[in-house]
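What follows is a short report on a single structure.
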Amino acid sequence: MEGIRILKGEKPLQGEIKISGSKNAALPIMAATVLHPGEFILHDIPVLKDIAVMREVLISLGGRVEQRGNSIFIDTRQIDSIEIPDQLMRKMRASILFMGPLLGRFGKVRISQPGGCSIGPRPIDWHIKGFKQMDAVFQESHGFIAGKSSQLQGKEIHLDFPSVGTTENIMLGAARAQGVTVIRNAAREPEIVDLQNFLNSMGADIFGAGTDMIKISGQKTLKACEHTVIPDRIEAGTFLLAGAITRGEVKLHNVIPEHLEATLAKIDEAGFKVRVEGETLTLLPTDEKINPLEIKTQPYPGFPTDMQPQFMALMALAEGTSLISENIFENRMKHAEELKRMGARIRVEGRTAIVQGVDRLFGAFVESPPALRAGAALVLAGLAAEGETVITDIEHIQRGYEDLVGKMKALGAEIELISVNGEEKND
Ligand code: EPZ
């Protein structure tokens, strides 16, 4: 198993890197290619484990997939299976996003209850409820769910909660449904806008993504296309905090600032300045104290849950007490225990963490919880801590961050990949 060793913390990061394409835009777009038998080319696709799982699923369905650097070539002409293998569903929850495309193209799907991060039950009841409203029928037995529909019917669907995955899945199925589907109380994330743009490049007829109402007019036929995914706003936020927590100066290229407004507002409130020049953001150094914050995670454009663990690491060093409420996932506070091993003073009560700032953190041997943003939070804490930090179980981090260690090294961090018995791993 691989680990990360930060040889020496308390070193201000300096330098510039390019932010990768968005994992959470790429995953639904890769699933969308199943809607049409053709040859697709996607660019700015990050090289990371979740993308590799998506590739395995497409191949298991009969597709051909090749990733060359950050471009991926997908041929869906030979896809003839409607079943997602159990072991792949367990690897990554986003595999549920194949439900819409498979129902849309073949009228059938067979999946097992999904796996993925352990940040809460993360059921799929809203996905199933949406497709039932579109006249699909489902049977559950022995942990498998089989869905079928002679033809998905366009309907008005009101989501109980602006769920990102549910919004995306219904868009995917509706693209080939009969008639018009309107999704109300839709999620408004930028990745959903990117999915709409991709689907419309395929000949779909969708508008409203980015608002809470999305209208999809089903099409009988679609076509293949080429697309470049948007930059990863969560990776960008994570690196801005890496600069902040180490009191450094970090310049990020390939960022869409509008996608980070809530994150930038909290970075400013914490006492840091970010210079915005087009698609380049620079976190500027400061010796000012870190202000404590009150953070409540919300659906976009509110404060993103995917930045909550990283901010908890920063707040561990604030001058005062911060309050962090996790309102999206039921169990996304596991990083608190590991941060406490590094000297942080955090009390978790249900979905709320009370973080009492301390003067410094201390390097330690910590284990990344099975959630990729939690692992990133431990890297940030290690970069700011006195002494050496070793983080194990980093496969979760590698699911969501392309070459995190390489990018941190480019910013001057004394960080390396190690194999679990502690030798440096030459990657
Ligand atoms: C997407 O997850 C992202 N993943 C998550 O990013 C992100 O944290 C989340 O949206 C919220 O922004 C991808 O895009 C691949 P939800 P998703 O459906 O679609 C509950 C990362 O770090 N729910 O908006 O799973 C669910 O349990 C990942 O990159 C149901 O109850 O999020 C959760 O509590 C982590 N029933 C809440 O809704 C359902 O049928 C929000 O889930 C579906 C969801």
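The values are calculated or read from the model by the stated rules, or taken from the named source; none is laboratory data. The structure displayed is predicted, hence computed values, not measured ones. Neighbour counts run over all protein chains shown; Cβ positions are idealised from the backbone, glycine included.
Please determine, by comparing only the residues of region 285-304 that are touching a strand residue (DSSP E or B) at 6+ places or on another chain (Cβ under 6 Å) and touching a residue at least 60 places away in the same chain (Cβ under 8 Å), which one is nearest to Thr167 (Cα to Cα).
Per the stated criteria, the residue is Pro292.
List the strands (runs of 3 or more DSSP E) that sit entirely inside region 169-229 and contain at least 1 residues that are without any contact (Cβ under 8 Å) to a residue 60 or more places away in the chain, within 16 Å of the ligand (Cβ to nearest atom) and β-branched (Val, Ile, Thr).
Numbers: elements: 180-184, 205-207, 213-217, 226-228.
Per the criteria, 180-184, 213-217.
Conditions (1) part of a helix (DSSP H, G or I); (2) surrounded by fewer than 18 Cβ atoms within 10 Å (Cβ to Cβ); (3) at pLDDT 95 or above, marked per residue:
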{"residue": "Gly15", "(1), (2), (3)": "no, yes, yes"}
{"residue": "Pro28", "(1), (2), (3)": "yes, no, yes"}
{"residue": "Ile45", "(1), (2), (3)": "no, no, yes"}
{"residue": "Ala52", "(1), (2), (3)": "yes, yes, yes"}
{"residue": "Val57", "(1), (2), (3)": "yes, no, yes"}
{"residue": "Gly62", "(1), (2), (3)": "no, yes, yes"}
{"residue": "Phe73", "(1), (2), (3)": "no, yes, yes"}
{"residue": "Ile96", "(1), (2), (3)": "yes, no, no"}
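For a quick check of your reading of the model, give me the residue pairs whose first member lies in region 60-85 and is more than 24 Å from Ser20 (Cα to Cα), whose second is at pLDDT below 95 and buried (at least 16 other Cβ atoms within 10 Å of the Cβ), with beta-carbon atoms closer than 6 Å and at least 6 apart or on different chains.
Sorted first by the residue in region 60-85, then by its partner, the pairs are Ser60/Pro85; Ile84/Ser95; Ile84/Ile111.
Tell me the residue from Arg247, Arg188 that is basic (Lys, Arg) and closer than 30 Å to Leu411 by Cα, please. Don't jump to the end; show me each part of the working.
Working: Arg188 fails: closer than 30 Å to Leu411 by Cα.
Answer to the check: Arg247.
Give just the number: which of (1) in contact with a strand residue (DSSP E or B) (Cβ under 8 Å, 6 or more places away or on another chain); (2) without any contact (Cβ under 8 Å) to a residue 60 or more places away in the chain; (3) surrounded by fewer than 22 Cβ atoms within 10 Å (Cβ to Cβ) does Glu39 not satisfy?
(2)
Can you find a residue that is closer than 30 Å to Ala318 by Cβ and of a type in the set (S, T, N, Q) anywhere in region 151-172?
Taking every residue of region 151-172 in turn, none turns out to be closer than 30 Å to Ala318 by Cβ and of a type in the set (S, T, N, Q).
Name the residue that is modelled with the lowest pLDDT, counting only residues in region 119-137 that are near the ligand (Cβ under 6 Å from one of its atoms) and either small (Gly, Ala, Ser) or buried (at least 23 other Cβ atoms within 10 Å of the Cβ) (or both).
If we take residues in region 119-137 being near the ligand (Cβ under 6 Å from one of its atoms) and either small (Gly, Ala, Ser) or buried (at least 23 other Cβ atoms within 10 Å of the Cβ) (or both), then Gly120 is modelled with the lowest pLDDT.
I'd like to check which strands (runs of 3 or more DSSP E) are fully inside region 318-427 and have at least 2 residues that are without any contact (Cβ under 8 Å) to a residue 40 or more places away in the chain and either more than 16 Å from the ligand (Cβ to nearest atom) or not assigned by TED's automatic domain parsing to the domain that holds Leu293 (or both).
Working: elements: 321-325, 345-349, 352-356, 365-367, 389-392, 414-419.
Once the strands (runs of 3 or more DSSP E) in region 318-427 are filtered for at least 2 residues that are without any contact (Cβ under 8 Å) to a residue 40 or more places away in the chain and either more than 16 Å from the ligand (Cβ to nearest atom) or not assigned by TED's automatic domain parsing to the domain that holds Leu293 (or both), what remains is 321-325, 345-349, 352-356, 365-367.
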